[in-house]
Amino acid sequence: MQKIFVAFHSIIEKDGKILVLKRSSKDPFSADCWDLPGGVMNFGEEVVAALKREVKEECGLEIETLSPMDVSTRIDNEEQYVAVTFICEYKSGTVKLSKDHSEFKWVDAKKVPDLEDLNWVLEKAIYPYIEFTSI
Amino acid sequence: MTIVAVCSIIRKNNKILITQRSEDDVYPNLWDLPGGQLNHGEDVIIGVKREIKEECALDVFVLYPIDVASKIFGGKHIILITYLSDYKSGEIKLSKEHQNFKWIYPRTAAKMKNLTSLTKHAINAYLKSLST
């Protein structure tokens, strides 16, 4: 049966840098890839609430959602993923990773393309973000 | 069940296009933005272009996403992604889903009482993006 999943990811801005997380080596889809905090929305959940929940779960931070930046889609057999990346502002908290990730860093967005192995969502969203923030 | 829909705020000469839903469809007579359900496997930008072509026969330049909102309707979770677009070419021809259209200043549109809730959300997000 055809199924669609909606996922939200966040580019969290703090002091001119953004947060990237490295997925654990046991991840079934993107092991050891760098990605953005986020995840799949629950049925019936509201957009901003879903994004804040996912960010809190994956890295322990509180954020303010600013605006959507990019949308990417991917299809695996009967399952389609629609991933929306938002620009967010860091509000409070210190980074605490869940078992989904093994590492994190705050990095200048322009340097993100130089990281090895970007997850498909980050790889697509980072270029419009760099352009947007360089004017 | 989750449904992803796409729609667009189409700009032309500082105004945006809104369309009035048919009398005999869901949300009868309310005003919305041209758009509809994403096809399985379809890219979002292609979906926006296709829906605009089907619903009002226009060609547009699709720019970037400006709003994402959701609601539960009829037991389905609907997630609506709104893109900003610029008018490119064509004359408006409505499908049977709509009975009327107008080009309107976004600030005026935001004050209308008979918008669908997701349309109101998207227009407010657009106005906010203009002021920042």
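Derivation of every value follows stated rules applied to the coordinates shown; laboratory data play no part. Please read these numbers as outputs of a predicted model, since none were measured by experiment. Ideal geometry is used to build each Cβ from the backbone, glycine not excepted, and the neighbour counts take in all protein chains shown.
Taking the Cα atoms of the protein assembly as shown, what is the range of coordinates along each of the three principal axes, in descending order and whole Å?
Projected onto its principal axes, the Cα set of the protein assembly as shown covers 55, 44, 30 Å.
Could you tell me the distance between the Cα centroids of the range A:69-135 and the range B:13-56, to the nearest Å?
Each part reduced to its Cα centre gives a spacing of 29 Å.
Semi-axes of the range A:3-133's equivalent ellipsoid from the Cα gyration tensor, sqrt of 5 times each eigenvalue, largest first, rounded to whole Å?
Working: eigenvalues 78, 58, 49 Å².
So the three semi-axes of the range A:3-133 are 20, 17, 16 Å.
Using every alpha carbon pair in the range B:2-131, what percent of pairs falls into each 5 Å bin from 0 up to the bin containing the largest distance?
Bins of 5 Å from zero give 2, 11, 22, 26, 24, 12, 3, 0 percent of pairs.
Taking every DSSP beta bridge that has both residues in the protein assembly as shown, what percent is antiparallel when rounded to the nearest 5?
Working: 52 of 75 bridges.
If I count the DSSP bridges inside the protein assembly as shown, around 70 percent turn out antiparallel.
Going by amide H atoms built from the backbone, whose H comes under 5 Å of the H on A:F5, apart from near neighbours?
When sequence neighbours closer than 5 places are left aside, the close amide H contacts are A:Q80, A:Y81, A:V82.
Using Cβ counts within 10 Å as a stand-in for footprinting exposure, how do A:E64, A:E131, B:E55 rank, fewest first?
Working: A:E64 13, A:E131 9, B:E55 24.
Least to most surrounded, the residues fall as A:E131, A:E64, B:E55.
Among A:C33, A:C88, what is the fewest-to-most ranking by other Cβ atoms within 10 Å?
A:C33, A:C88
Considering only chain A, what is the antiparallel percent among its DSSP beta bridges, to the nearest 5?
Around 70 percent antiparallel, to the nearest 5.
Exposed loop sites here are trypsin sites (Lys or Arg not before Pro) in DSSP loop states with at most 11 other C-beta atoms within 10 Å. What is the longest stretch of chain B lacking them?
Longest stretch, sites excluded: B:1-92.
What pairs in A:K26/A:K105; A:K3/B:K102; A:K14/B:K76; A:K17/B:K15; B:K49/B:K111; A:K91/B:K49 have C-alpha atoms more than 30 Å from each other?
A:K3/B:K102; A:K14/B:K76; A:K17/B:K15; A:K91/B:K49
Determine the shielding of peptide A:73-83 by partner chains: average, over its residues, the number of Cβ atoms on other chains within 10 angstrom of each Cβ.
Mean shielding count: 3.
Tell me which chymotrypsin sites (Phe, Trp or Tyr not before Pro) from the range A:1-82 have a DSSP coil assignment and no more than 12 other beta carbons within 10 Å of their own.
A:F29, A:F43
Quick one: Karplus J couplings for the range B:15-23, per residue in order, coefficients 6.51, -1.76, 1.60, θ = phi - 60°, nearest Hz, x for Gly and Pro?
With the stated coefficients, the range B:15-23 comes to 10, 10, 8, 10, 10, 9, 5, 5, 5 Hz.
Amide H of B:L63 versus every other amide H placed in the peptide plane: which residues, excluding those fewer than 5 positions away on the same chain, fall under 5 Å?
Excluding prolines and chain starts, which carry no amide H, the hits are B:L84, B:S85, B:D86.
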